[in-house]
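Worksheet: one structure, shown below.
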Amino acid sequence: MRSRSLPLCLVALSLLAFSCKGTEPDTHLSGHVIVAGPNSPPGPIPVLLYTSDPFSKGSAPVMITPATGSGSELSFEFPTSISHGDYYVVAWLDVGLDGQMDTGDYVGWYDGKTTAGAPVAAVVHKDHGKNASVTIQVSIMP
């Protein structure tokens with residue numbers, strides 16, 4: 001009798017585990033990009049997602065999604081596969097196509113602060129099972 005109860009317990013636990021999967025709603029990391037100034041960008045503005053300071057040397061985004069819309073307010077949304085944790089969000093349209101944030105590019109980042117002329121990255125925290133939404137103001141770099 002004992003040999004049958006162990007497999008039955010394992011099956012019951014497996015069914016319980018499978019029934020719990022997928023019960024949480026899809027959550028998003030999303031937001032708006034507000035374009036400052038009279039000039040509209042020449043195309044969608046890419047929004048880059050980082051897990052470390054985006055302004056540190058050698059930093060690379062883990063995901064990119066376009067901010068789209070019309071006028072000066074664009075919207076973006078990362079896929080629901082973004083898990084809970086801390087992220088940095090930067091909007092950057094590389095107009096010069098040189099891979100550098102420089103004159104003429106559209107640039108903005110969450111919380112938009114600078115210290116001594118250098119950008120300061122601010123953390124966006126996405127809680128487990130909750131949506132996170134941010135607003136980024138983008139302007140043309142002089």
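The values are calculated or read from the model by the stated rules, or taken from the named source; none is laboratory data. Since the structure is predicted, the reported quantities are computational estimates derived from the model, not experimental observations. Glycine also receives a Cβ, built like all others from the backbone with ideal geometry; neighbour counts cover every protein chain displayed. For the accessible areas, the whole protein counts, side chains as well, though only heavy atoms, and no ligand, DNA or RNA atoms are used. Shrake-Rupley method; radii C 1.70, N 1.55, O 1.52, S 1.80 Å.
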Normalising by the residue count of segment 26-65, find the relative contact order in percent from Cα pairs under 8 Å and 6+ residues apart. 32
Projected onto their principal axes, the Cα atoms of segment 74-113 stretch, largest extent first, over whole-Å spans of 34, 22, 20
Residues of segment 65-101 with amide N under 17 Å of a point placed 7 Å along Cα→Cβ from Gln137: 72-74, 90-92
Of the accessible area of segment 83-142, with the probe set at 1.4 angstrom, what percent is carbon plus sulfur? 52
Placing one identical point scatterer on every Cα of segment 23-89 and ignoring solvent, what is log10 I(q)/I(0) from the Debye formula at q = 0.18, 0.21, 0.23, 0.28 Å⁻¹? -0.76, -0.93, -1.03, -1.21
Hey, can you find the accessible area per residue of segment 61-136 for me, probe 1.4 Å, expressed in square angstrom? 55
